[in-house]
């Protein structure tokens with residue numbers, strides 16, 4: 001990596017989780033390795049949790065990027081748990097970069113996030129917006145929490161400004177820099193959220209603690225989102241209502257325990273209504289689209305994704 005600019009030393013620990021996406025994981029690491037414009041003496045380490053991959057991801061990463069700290073775990077480790085495990089292996093004095101293994105970073109992404117966070121002066125969380133592969137739209141990034149007296153609170157996506165950072169209330173964790181000062185105050189991801197919600201919870205907790213959550217200028221990488229009716233999801237076609245509800249309450253989507261904890265922590269008197277909302281929507285959609293009759297064998301579970309998704313608010 002080319003390191004030019006401010007002479008102040010700093011450490012950045014990159015935290016990743018992967019499962020059976022060897023080519024994407026290698027592409028993400030290659031884009032990280034090509035980062036430009038970092039300050040001199042910036043020390044970048046990579047901590048990758050390989051959640052039981054059977055496609056040779058771990059060996060391929062060790063061969064292509066021998067400096068990567070790779071730890072293999074069981075396949076039931078998801079994004080939130082894996083990122084927390086990687087954080088435990090990182091230098092406690094380092095800033096951390098949450099990085100999804102399906103992100104291809106822009107060449108100046110890390111430098112932009114570091115400038116946005118201004119890490120040597122304050123605690124901050126710098127969020128990187130993602131662009132779709134066709135360049136047409138923002139797929140992941142920062143959110144503002146909208147509260148009105150007459151309707152439940154909701155997270156609304158913030159479009160990045162090409163020239164300046166924008167204040168947010170929360171974020172997707174695809175590419176997020178958390179400064180060491182913020183980590184001292186907040187710790188790392190809450191282990192109560194094994195997959196989804198941990199990133200959104202972290203951003204909301206940061207704002208409550210007075211720590212700025214800033215959306216970096218422009219887009220810092222490319223990452224496509226997932227089609228809402230993709231096979232294996234609760235909104236897939238030709239599945240029974242029972243299958244749809246089972247998928248909706250799975251760890252990959254909206255598990256009731258973590259979801260209730262999230263709602264109770266952040267939504268106050270609206271918590272029961274917000275909690276019920278995704279399950280009610282799943283039920284209504286399943287009935288309305290007249291999915292396959294009872295007795296239809298459920299589809300086999302798809303390969304475990306490790307991307308974290310935004311909340312269904």
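Restricting 272, 231 to those that are over 20 Å from the mean Cα position of the chain (by Cα) and part of a loop (DSSP other than H, G, I, E, B) reduces the list to 231. Screening the stretch 161-185 for residues that are in contact with a helix residue (DSSP H, G or I) (Cβ under 6 Å, 6 or more places away or on another chain) and surrounded by fewer than 24 Cβ atoms within 10 Å (Cβ to Cβ) and picking the one that is farthest from residue 114 (Cα to Cα) gives 169. Does residue 123 meet the test of being modelled with pLDDT under 95, assigned to a loop (DSSP other than H, G, I, E, B) and touching a helix residue (DSSP H, G or I) at 6+ places or on another chain (Cβ under 6 Å)? When the stated conditions are applied, residue 123 passes them. When you scan the stretch 198-209, do you find a residue that is under 16 Å from the mean Cα position of the chain (by Cα), at pLDDT 95 or above and either farther than 26 Å from residue 89 by Cα or part of a strand (DSSP E or B) (or both), even just one? Checked the stretch 198-209: no residue is under 16 Å from the mean Cα position of the chain (by Cα), at pLDDT 95 or above and either farther than 26 Å from residue 89 by Cα or part of a strand (DSSP E or B) (or both). Taken together, the criteria exclude residue 91 from residues that are assigned to a loop (DSSP other than H, G, I, E, B) and in contact with a helix residue (DSSP H, G or I) (Cβ under 7 Å, 6 or more places away or on another chain).
How many residues are under 26 Å from residue 131 (Cβ atoms) and surrounded by 15 or more Cβ atoms within 10 Å (Cβ to Cβ) when one looks only at the stretch 61-103?
18
Within the stretch 35-44, being farther than 19 Å from residue 221 by Cβ and crowded, with 17+ Cβ neighbours inside 10 Å holds for one residue alone: 39. Only one of (1) in contact with a helix residue (DSSP H, G or I) (Cβ under 9 Å, 6 or more places away or on another chain); (2) exposed (fewer than 15 other Cβ atoms within 10 Å of the Cβ); (3) without any contact (Cβ under 8 Å) to a residue 60 or more places away in the chain is not met by residue 57, so which one is it? All conditions pass for residue 57, except number (2).
The values are calculated or read from the model by the stated rules, or taken from the named source; none is laboratory data. None of the values given here were measured: they were computed from a predicted structure. Cβ: placed from backbone, ideal geometry, glycine included. Neighbour counts: every protein chain shown.
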